[in-house]
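So the structure is just underneath, and the comments pick up after that.
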Amino acid sequence: MWRRVASLSSSVSSSFLAQTASRLNTWESLTTGIAQQAKGVIAPKEKTPFITFVLGGPGSGKGTQCIKIVETFGFAHLSAGDLLRREIASKSADGAMILNTIKEGKIVPSQVTVKLIQKEMELSYNHKFLIDGFPRTEENRVSFERILSEWQSQIGVEPNVVLFFDCPEEEMVKRVLNRNEGRVDDNLETIKKRLTVFQALSLPVINYYSEKGKLYTIKAIGTEDEIFEQVRPIFAAFEQTVG
Ligand SMILES: Nc1ncnc2c1ncn2[C@@H]1O[C@H](COP(=O)(O)OP(=O)(O)O)[C@@H](O)[C@H]1O
Ligand SMILES: Nc1ccn([C@H]2C[C@H](O)[C@@H](COP(=O)(O)OP(=O)(O)O)O2)c(=O)n1
Ligand SMILES: [Mg+2]
């Protein structure tokens, strides 16, 4: 259901979307219900999307911990950085602009990134999303909320959980310089710029979610497994309700 409702054009008004979503919900449960009754089985309930933002400075271990969350809790992992790198590799119209922005340690315009994330969510059959490296600016946050508000009848405008991997700069620099994934931004010059951007533009987003009571801060120092032991209880607590 998530996929069908979300696939509706974002240019359509929210009230129309809400009505259509409600109609689709009713129609789908009705038709599914009839078919399932005929087979003598109970129709599964539609699942409400569950959105987690994964934030933290460059090299704080977001991607590494997302892999563990996927393995343990079955989320879909959407890395904003990976989606942007895929655009560069596919030589799309925005590819050159994205490459230059990433090399400079700056943030790609929100409409580009949000469009990529939205597309991935629409294509997913999963209802549990880990959105890694996003939102990195207030502009990112507001652009995404605008999309979510169009799906309001389904999920509301806020993420369910925001994880913040809190890591000392010295450690982040060490990790990024050892990352060895051939990334154009894994060099000392770019990392320094990225850390300045993180302080100036990303920390306000983290503070925003802290004030909203959505933030879970993880001390991102220690082994990968030790850090995951701080992450695990957060998702375990939601497991019953999320499905
Ligand atoms: N707890 C850890 N201790 C040491 N190195 C780590 C740890 N977690 C991740 N790394 C390594 O640090 C680098 C950056 O991790 P990554 O998950 O890509 O961070 P991010 O996505 O936040 O930039 C990778 O090479 C990764 O293998
Ligand atoms: N919301 C985002 C996420 C990433 N980007 C760009 C700018 C970032 O420096 C690069 C790389 O992001 P990525 O999340 O892969 O980086 P780290 O894993 O934190 O090292 O992509 C962006 O412009 N906007
Ligand atoms: Mg990453």
Enumeration of residues in the range 81-125 that are basic (K, R), in a loop (DSSP other than H, G, I, E, B) and touching a residue at least 40 places away in the same chain (Cβ under 8 Å)
K106
Does F129 satisfy the condition of being within 22 Å of G74 (Cα to Cα) and near ligand 2 (Cβ under 10 Å from one of its atoms)?
no
Can you find a residue that is part of a helix (DSSP H, G or I), surrounded by 14 or more Cβ atoms within 10 Å (Cβ to Cβ) and within 16 Å of ligand 1 (Cβ to nearest atom) anywhere in the range 217-229?
yes
Residues in the range 175-216 that are in a helix (DSSP H, G or I), exposed (fewer than 12 other Cβ atoms within 10 Å of the Cβ) and within 16 Å of ligand 3 (Cβ to nearest atom) total 0
Could you figure out which of (1) buried (at least 17 other Cβ atoms within 10 Å of the Cβ); (2) at pLDDT below 95 isn't true of T113?
(2)
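For (1) buried (at least 20 other Cβ atoms within 10 Å of the Cβ); (2) more than 15 Å from the chain's Cα centre (by Cα); (3) more than 16 Å from ligand 3 (Cβ to nearest atom); (4) among the β-branched types (V, I, T), each residue gets a yes or a no:
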position: P49; (1), (2), (3), (4): yes, no, yes, no
position: K62; (1), (2), (3), (4): yes, no, no, no
position: G81; (1), (2), (3), (4): no, no, no, no
position: S92; (1), (2), (3), (4): no, yes, yes, no
position: E104; (1), (2), (3), (4): no, yes, yes, no
position: I117; (1), (2), (3), (4): yes, no, no, yes
Out of everything in the range 59-80 that is of a type in the set (A, V, I, L, M) and in a helix (DSSP H, G or I), what residue ends up being nearest to F238 (Cα to Cα)?
I69
Residue count, the range 223-243, condition free of Cβ contacts under 8 Å to residues at least 24 places away in the same chain and closer than 12 Å to F165 by Cα, comes to 1
Given the conditions (1) more than 15 Å from ligand 2 (Cβ to nearest atom); (2) at pLDDT below 95; (3) not β-branched (V, I, T), which single one is not true for E145?
(1)
Members of the range 126-141 that are modelled with pLDDT of 95 or more and either more than 16 Å from ligand 1 (Cβ to nearest atom) or in a helix (DSSP H, G or I) (or both)
N126, K128, F129, T137, E138, E139, N140, R141
Residue pairs meeting the criteria (Cβ under 7 Å; at least 6 apart or on separate chains; first more than 16 Å from G81 (Cα to Cα), in the range 130-147; second among the polar types (S, T, N, Q) and away from ligand 3 (no atom under 11 Å from the Cβ)):
E139/S110; S143/S110; S143/Q111; I147/S10; I147/Q118
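The values are calculated or read from the model by the stated rules, or taken from the named source; none is laboratory data. What you see is a predicted model; the values in this text were computed from it and never measured. Note that we place each Cβ from the backbone using ideal geometry, even for glycine, and neighbour counts take in every protein chain shown.
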